[in-house]
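Below is one structure; the comments refer to it alone.
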Amino acid sequence: MDKERVLQRIQAGGLVAVVRSDSAEQARRIADACLAGGVAAVEITFTVPKAHRLIEELAGCYPHGEILLGAGTVLDAETARIAILSGAQYVVSPYLDEDTLRLCNRYRVACMPGVMTVREAVRAMEAGADLLKVFPANLFGPAILSSLLGPLPQAKLMPTGGVEVDNAAQWISAGAVALGAGSSLTAGAKTGDYAAITRKAQAFIAAIARARGM
């Protein structure tokens, strides 16, 4: 799928599900539950053993772009290339690594590096970042977005860390173009309650829509 289309879908949906899983089956069931709840994108983190194989398996489960598959916790360009070859449609990093950005731009894959300061945000945008993952966002709360957007109104911010249904509207109102949600969204998988993930996803999507005035 074209890079611009990937970014448009992520921003339109407003939510990226951050998935940490012990197995491909559990990850697939989480992805299914998120898809049923209206989530546009799932991010498989590279803290998961053999994450590239998991991305590859999930890509086979969703061959027609039913849900966008991304790679998270990508620390270097080598891992980014493995993720892309495995089927990742976007790459997310907890920090700014310019080699990773260059590689993603070379292959026209959306890249979202982690930033926390104005300096990091400017460097990331100059290097070609598509979205800026504000991480760990819970350290400062939604106010950090307003602080970054003051001098950088052109920045596209996606907070991750501490994002929950109860504060989703605050993040959107503060200027987030999308939200990254992990355990607050996918916790039901620990007990096998995948329906809870779908309900939480629906609650997230509804909160985002209300904050956007939709």
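The values are calculated or read from the model by the stated rules, or taken from the named source; none is laboratory data. Fair warning: this is a prediction, and the values are worked out from it, not measured in the lab. Positions of Cβ are backbone-derived with ideal geometry, glycine not excepted, and every protein chain shown enters the neighbour counts. Heads up: the accessible areas ignore ligands, DNA and RNA and are worked out on the full protein's heavy atoms, side chains in. Shrake-Rupley method; radii C 1.70, N 1.55, O 1.52, S 1.80 Å.
Just one residue in the set ARG29, ARG81 is open to solvent by 20 Å² or more (accessible area, probe 1.4 Å) and at pLDDT below 95; that residue is ARG29.
For region 150-176, a residue qualifies if it is in a loop (DSSP other than H, G, I, E, B) and either more than 15 Å from ALA206 (Cα to Cα) or modelled with pLDDT under 95 (or both), and the qualifying residues are GLY150, PRO151, LEU152, PRO153, GLN154, ALA155, LYS156, GLY161, GLY162, ALA174, GLY175. Residues in region 97-128 that are surrounded by 17 or more Cβ atoms within 10 Å (Cβ to Cβ) and either in contact (Cβ under 8 Å) with a residue 60 or more places away in the chain or in contact with a strand residue (DSSP E or B) (Cβ under 6 Å, 6 or more places away or on another chain) (or both): LEU101, CYS104, VAL109, ALA110, CYS111, MET112, GLY114, VAL115, ALA121, ALA124.
Restricting the search to region 1-26, which residues are in a helix (DSSP H, G or I), open to solvent by 50 Å² or more (accessible area, probe 1.4 Å) and within 24 Å of PRO159 (Cβ to Cβ)? Break it down stepwise before answering.
Applying the first criterion (in a helix (DSSP H, G or I)) to region 1-26 yields 3-13, 24-26.
Among the residues that remain, those that are also open to solvent by 50 Å² or more (accessible area, probe 1.4 Å) are: 4-5, 8, 12, 25.
Once the filter is applied, which keeps residues that are in a helix (DSSP H, G or I), open to solvent by 50 Å² or more (accessible area, probe 1.4 Å) and within 24 Å of PRO159 (Cβ to Cβ), region 1-26 yields GLU4, ARG5, GLN8, ALA12.
Taking residues in region 163-191 that are on the phi > 0 side of the Ramachandran plot, and partners anywhere that are open to solvent by 20 Å² or more (accessible area, probe 1.4 Å) and modelled with pLDDT of 95 or more, the pairs with Cβ atoms closer than 9 Å and at least 6 places apart or on different chains are GLY175/PRO142; GLY175/LEU149; GLY175/PRO153.
Condition first: under 21 Å from ASP2 (Cβ atoms) and either of a type in the set (S, T, N, Q) or not in a loop (DSSP other than H, G, I, E, B) (or both). Now tell me which residues in region 93-124 satisfy that. Of everything in region 93-124, those that are under 21 Å from ASP2 (Cβ atoms) and either of a type in the set (S, T, N, Q) or not in a loop (DSSP other than H, G, I, E, B) (or both) turn out to be THR100, LEU101, ARG102, LEU103, CYS104, ASN105, ARG106, ALA110, CYS111, MET112. Just one residue in the set GLY180, GLY213 is farther than 18 Å from ALA41 by Cβ, outside any helix (DSSP H, G or I) and either open to solvent by 20 Å² or more (accessible area, probe 1.4 Å) or modelled with pLDDT of 95 or more (or both); that residue is GLY213. Applying a threshold of 9 Å to beta carbon distances and a minimum spacing of six or more residues, or different chains, the list of pairs starting in region 30-51 at a residue that is without any contact (Cβ under 8 Å) to a residue 40 or more places away in the chain and polar (S, T, N, Q) and ending at one that is in a helix (DSSP H, G or I) and crowded, with 21+ Cβ neighbours inside 10 Å reads THR45/ALA51.
Restricting attention to region 57-78, the residues that are open to solvent by 60 Å² or more (accessible area, probe 1.4 Å), farther than 23 Å from ASP32 by Cα and within 17 Å of the chain's Cα centre (by Cα) add up to 1. If the condition is being surrounded by fewer than 19 Cβ atoms within 10 Å (Cβ to Cβ), within 18 Å of THR117 (Cβ to Cβ) and hydroxyl-bearing (Ser, Thr, Tyr), then region 144-177 contributes SER146, SER147. Within region 42-56, not a single residue is in contact with a helix residue (DSSP H, G or I) (Cβ under 9 Å, 6 or more places away or on another chain), of a type in the set (Gly, Ala, Ser) and open to solvent by 10 Å² or more (accessible area, probe 1.4 Å).
Condition check: surrounded by 17 or more Cβ atoms within 10 Å (Cβ to Cβ) and closer than 27 Å to GLU25 by Cα. Does VAL91 satisfy that? Yes.
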